[in-house]
Amino acid sequence: MIRHIVFFSVRDPADRDRVEQGLKLLAAIPQARNFEVGRNLARDAISEPVDFIVYCEFDDEAALAAYKADPLYQRSIDVVRPLRELRIAADFVSAGPAARD
């Protein structure tokens with residue numbers, strides 16, 4: 001499984017709702033096994049501010065690539081990119097839920 005996590009900050013706080021709606025467009029892309037958009041609750045004085053987190057899970061790299069090729073992905077970019085300040089994305093392979101000791 002591939003976990004895809006993206007952090008966004010918004011340039012103008014007045015645009016937060018527009019950014020959130022732009023990110024939520026991604027929920028309609030069928031390749032994501034799990035999809036969430038959330039507003040960041042944490043504020044940390046020593047790191048960059050993050051307003052939103054997008055979290056997705058994909059069966060494999062092909063599913064992630066198909067997600068990024070979907071026209072809704074570009075539509076989301078067209079809405080969000082002009083309004084965002086920061087975007088940090090990370091993808092990693094996960095075996096699924098970890099066993100806890």
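Every number in this text was worked out from the coordinates using simple rules, so none of it is lab data. The shown structure was predicted, so the numbers you read here are calculated from the model rather than taken from an experiment. Note that we place each Cβ from the backbone using ideal geometry, even for glycine, and neighbour counts take in every protein chain shown.
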Cβ-Cβ under 7 Å pairs, at least 6 apart or on other chains, region 26-52 side closer than 14 Å to residue 68 by Cα, far side small (Gly, Ala, Ser): 26/76; 31/63; 31/66; 35/27
Failed item, numbered, when residue 43 is tested on (1) surrounded by 11 or more Cβ atoms within 10 Å (Cβ to Cβ); (2) over 15 Å from the mean Cα position of the chain (by Cα); (3) among the basic types (Lys, Arg): (1)
